[in-house]
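Throughout, read-outs are computed from the coordinates displayed, never taken from laboratory work. This one's a predicted model, so the numbers in the text were calculated from it and none came from an experiment. With ideal geometry, Cβ positions are generated from the backbone for all residues, glycine too; neighbour counts draw on all protein chains shown.
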Amino acid sequence: MKVLLFATLVLATIALFFHTATACLSDGEKCVYDPSGQTFADCCSGFCYQQVGWEEGYCKTQ
């Protein structure tokens, strides 16, 4: 019973880590642009670089 509980815990931890690692955009990937002028920075770094006039930016480490 303890082995089953441990295996479940390990699998849940791996699944959580995988989801966290793939949930954000890495450096160099394009950020989603909203026509209202807001950029949604789903970047792992938390920073979406976008110059004036660009329709979309890209993720960048500051």
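Counting other C-beta atoms within 10 Å, which of C24, C44 has the fewest, and how do the rest follow?
Working: C24 14, C44 17.
Ranking C24, C44 by Cβ neighbours within 10 Å, fewest first, gives C24, C44.
Given labels modelled 7 Å from the Cα in the Cβ direction, how far is it in nm from E29 to L9?
3.1
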